[in-house]
Amino acid sequence: MDSKVSNGASPQDERTTSLLVFSFLQSCPHSRCRQELEMLGHKLSVRAAHDDELQTDGNWCSHFRLEGAAETDSETREEVVRDIARQLAQIGDRMECSICPGLVAGLAAQFSNSSLSEEDRRRCLAAALQQLTQLYPADVDREKTLLLLTMLVAKKVADHSPAVLQNVFHTTVTFINQNLLAYVRNLVQNEMD
């Protein structure tokens, strides 16, 4: 988690990571920040058409399409990314108990601090993730664990303090693009093959 790594993400990488994090957050049942997620979706130029039916898992049946993308390739890629996010959210449900409420409250306070820069927030997130990754055995896929914990921490902080969702979201996307971009690219590509 080198803070000097530059963000080499292409616009497609940015869209992919944003969709991954957004879909992960949406896949988490019983979220306290549904309204903020909906507003964030509009700001991300993601169109969501909600059916009026609630699925058995507690999530709304939704279809998302990023505007300005080539129809077929984009839709296939987006569906793959949404599927990955759903799978990661299911795994994250089992990992959620490893994140102590004190860590969440501390991060929520830091994300609420308007005097902190994006870089300062990213450092706070990195420090919290460093603590959490030490709880997992070394033989567990480190990148997958870090990706899961990153999005899980974002979810927990946003649930704790819904008003900081946008800051949490943007910091999470930046962190993933700076530290896990190759892993996310490979994850999506492997699912598409």
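Extension gain for the segment Ser112 to Glu14, taken as residue separation times 0.36 nm less the Cα-Cα distance, is 32.9 nm to one decimal.
In order along the stretch 139-152, the phi-based Karplus estimate (6.51 cos²θ - 1.76 cosθ + 1.60, θ = phi - 60°) of 3J(HN,Hα) comes to 7, 7, 3, 4, 5, 5, 4, 5, 4, 4, 5, 4, 6, 5 Hz; Gly and Pro are listed as x.
With a simple spin-label model that places each label point 7 Å from the Cα along the Cα-to-Cβ direction, the separation between Ala105 and Glu79 comes to 4.5 nm. Taking θ as phi - 60° and the Karplus parameters 6.51, -1.76 and 1.60, the scalar couplings of the stretch 109-119 work out to 5, 5, 5, 7, 6, 5, 7, 7, 7, 4, 5 Hz in sequence order, x denoting glycine and proline. Here Thr145 sits with roughly 10 square angstrom of accessible surface, probe radius 1.4 Å.
The values are calculated or read from the model by the stated rules, or taken from the named source; none is laboratory data. Since we're looking at a predicted model, the values are computed, not measured. So basically every Cβ, Gly included, is an ideal-geometry build from the backbone, and we count neighbours across all protein chains shown. Heads up: the accessible areas ignore ligands, DNA and RNA and are worked out on the full protein's heavy atoms, side chains in. Shrake-Rupley method; radii C 1.70, N 1.55, O 1.52, S 1.80 Å.
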